[in-house]
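Student: Dropping the structure in here first, questions after.
The values are calculated or read from the model by the stated rules, or taken from the named source; none is laboratory data. Remember, it's a predicted structure, so these values are computed and weren't measured experimentally. Reconstructed Cβ throughout: ideal geometry from the backbone, glycine too, with neighbour counts over all protein chains shown. With ligands, DNA and RNA removed, areas are computed over all heavy atoms of the protein, side chains included. Shrake-Rupley method; radii C 1.70, N 1.55, O 1.52, S 1.80 Å.
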Amino acid sequence: MPLVSVNAVLRRPSALLLLPEETRSFGAILKREIWWFSLIPPIFLFVGTHFFGWRIGAEEPIYFEWPVLLSICAFYYVLLFGGLLILSLLSRWMAPTYSTTEDLGSHLTVIITSAAPLFL
C-alpha cells in the first residue's frame, strides 16, 4: 500500500477518489508517514535560512547562529506535527454532525491528503 502523502502528490485526483476505500489505522499512519512528512518543511527552512538568510524588505539578509536556527526548526516541526494531529481530532469531533466514520485513521488520511501539496 503506497504512502498517503506520496499518493496525494503524484496522483492527486485518483488519491482523493480512493480515500473512502482506504482503511489505515491511526498508529500505522503515525509510524509510517507523519513523523517524516512533518519533517520536510523544517528541513527546507533550515537549508534556506542557513544558506540564504531571511530578507526583510530591502535590507541585508539576517543569518542566525546554529542553536537559534535549530531551535526554530525544532519548534516548527513540533507545531506542524501537532497541527496535523489536532486537525484530525477536530475532524473526528465533527464526524457525528455529518454522519461519517469516527475512525481517527481515516480522518488523519484526509488531513494528510489535503496538506501534502502545501507541505511540499
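Student: How many of the residues making up segment 39-58 are in a helix (DSSP H, G or I) and open to solvent by less than 100 Å² (accessible area, probe 1.4 Å)?
Tutor: 10
Student: Go through segment 59-110 residue by residue and tally those that are under 14 Å from residue 30 (Cβ atoms), modelled with pLDDT under 90 and open to solvent by 90 Å² or more (accessible area, probe 1.4 Å).
Tutor: Matching residues across segment 59-110 total 0.
Student: Out of all the residues in segment 16-27, is one or more modelled with pLDDT of 90 or more and either part of a helix (DSSP H, G or I) or under 25 Å from residue 110 (Cα atoms) (or both)?
Tutor: Going through segment 16-27, the residues modelled with pLDDT of 90 or more turn out to be none.
No: zero hits.
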